[in-house]
Amino acid sequence: MTSTDPTRTEQPRTDLLQQLSLHRAEVERLRRTVCELHGELTRWNLVTWTSGNISARVPGTDLMLIKPSGVSYDELRSEDIVVCDLRGRLLDGHHKPSSDTDAHAYVYRARPDVGGVVHTHSPYATAWAARGEAVPCAITAMADEFGGDIPVGPFALIGDDSIGKGIVATLEDHRSPAVLMRGHGVFTIGATAKAAVKAAVMCEDVARTVHIARQGGPVERLPQDDVDSLYHRYQNAYGQ
Ligand SMILES: [Zn+2]
């Protein structure tokens, strides 16, 4: 079995602690990155009080870093970021991991291509989630980033793999790196934690714009051919 098989048996703690000691420098570098990226969630008004969290996979290992539970954004320091295995068990840190750790861990087990996961209750996107309605791909910025609608995933309660399964199953059928979990909020994925944060910022931005557009009248999806060509141009040719 590979280390990313979601059904694989649990690894012995001694193996995981050995991975942690072998990759210590990378873990500490990622701790600083993940801590700094949490500042983007407050900067873009995606979170309230202690809600929301960012995680990162430690490349080439069965380890992930994530925000601790219930620590305020103002007080979050890089040493507070905890290290868990891909079953969400705490390996290194002084705090309890985020209550959303199981969902993040499931995504890393099921999707070897994912290096970062973000969760927020950002208000406009979460309003679409509360209605259980996908954000229709009606503007070029959405075609660029999301390659189509931002889909809705199933309602699921915290406490087991239900949220993680819902995220993975929904994103399997879409180009979008963001999913609106019904009646809950946003989960985004990326090759890195920074890419997942960007998807969370853009998700809220387009959810707000399309919501505002709706107030003035009906909103139409862009033609699929145009969505496809915008998406491919942005993903392959845009930027430096
Ligand atoms: Zn939540």
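Do you know which residues across region 99-113 are closer than 19 Å to Thr61 by Cβ and open to solvent by less than 20 Å² (accessible area, probe 1.4 Å)?
Thr101, His104, Ala105, Val107, Tyr108, Arg109, listed by residue number.
I'm trying to understand the selection: among the residues of region 79-94, which are closer than 16 Å to Gly52 by Cβ and either out of contact with any Cys (no Cβ under 7 Å at 6 or more places or on another chain) or among the aromatic types (Phe, Trp, Tyr) (or both)?
Those that are closer than 16 Å to Gly52 by Cβ and either out of contact with any Cys (no Cβ under 7 Å at 6 or more places or on another chain) or among the aromatic types (Phe, Trp, Tyr) (or both): Asp80, Val82.
Listed here are the residues, each with its yes/no results for (1) within 16 Å of the ligand (Cβ to nearest atom); (2) modelled with pLDDT under 95; (3) open to solvent by less than 20 Å² (accessible area, probe 1.4 Å); (4) among the charged types (D, E, K, R).
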site	(1), (2), (3), (4)
Gly115	no, no, yes, no
Pro123	yes, no, no, no
Ala127	yes, no, no, no
Pro136	no, no, yes, no
Gly148	no, no, yes, no
Ser176	no, no, yes, no
Thr188	yes, no, yes, no
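Looking only at residues in region 150-170 that are within 13 Å of the ligand (Cβ to nearest atom) and among the hydrophobic types (A, V, I, L, M, F, W, C), which one is nearest to Gly190 (Cα to Cα)?
Looking at residues that are within 13 Å of the ligand (Cβ to nearest atom) and among the hydrophobic types (A, V, I, L, M, F, W, C), I get Ile167.
State yes or no: is Ser98 more than 16 Å from the ligand (Cβ to nearest atom), modelled with pLDDT of 95 or more and of a type in the set (S, T, N, Q)?
When the stated conditions are applied, Ser98 does not pass them.
Filtering region 193-218 down to residues that are open to solvent by 40 Å² or more (accessible area, probe 1.4 Å) and in contact with a helix residue (DSSP H, G or I) (Cβ under 7 Å, 6 or more places away or on another chain), which residue is farthest from Ala134 (Cα to Cα)?
Top of the filtered list is Lys194.
Could you check region 81-112 and list, in sequence order, the residues that are touching a residue at least 24 places away in the same chain (Cβ under 8 Å) and among the hydrophobic types (A, V, I, L, M, F, W, C)?
Listed by number, the residues that qualify are Ile81, Val83, Leu86, Leu91, Ala103, Ala105, Val107, Ala110.
Go through (1) of a type outside the set (Asp, Glu); (2) touching a Gly at 6+ places or on another chain (Cβ under 9 Å); (3) closer than 14 Å to Tyr106 by Cβ; (4) within 16 Å of the ligand (Cβ to nearest atom) one by one and return the number of the condition Ala196 breaks.
All conditions are met except number (3).
Could you check Gly39 against (1) more than 16 Å from the ligand (Cβ to nearest atom); (2) crowded, with 23+ Cβ neighbours inside 10 Å; (3) without any contact (Cβ under 8 Å) to a residue 40 or more places away in the chain and say which number it fails?
Exception for Gly39: condition (2).
Does Asn53 satisfy being farther than 19 Å from Leu20 by Cα and open to solvent by less than 20 Å² (accessible area, probe 1.4 Å)?
Taking the combined requirement at face value, the residue satisfies it.
Considering only region 42-60, state which residues are more than 16 Å from the ligand (Cβ to nearest atom), closer than 15 Å to Ala196 by Cβ and not aliphatic (A, V, I, L, M).
Trp44, Arg57, Pro59
The values are calculated or read from the model by the stated rules, or taken from the named source; none is laboratory data. None of these values were measured; they are calculated from a predicted model. Using ideal geometry, Cβ is built from the backbone for each residue, glycine included, and neighbour counts are taken over all protein chains shown. Just the protein is used for accessible areas: all its heavy atoms, side chains included, with ligands, DNA and RNA removed. Shrake-Rupley method; radii C 1.70, N 1.55, O 1.52, S 1.80 Å.
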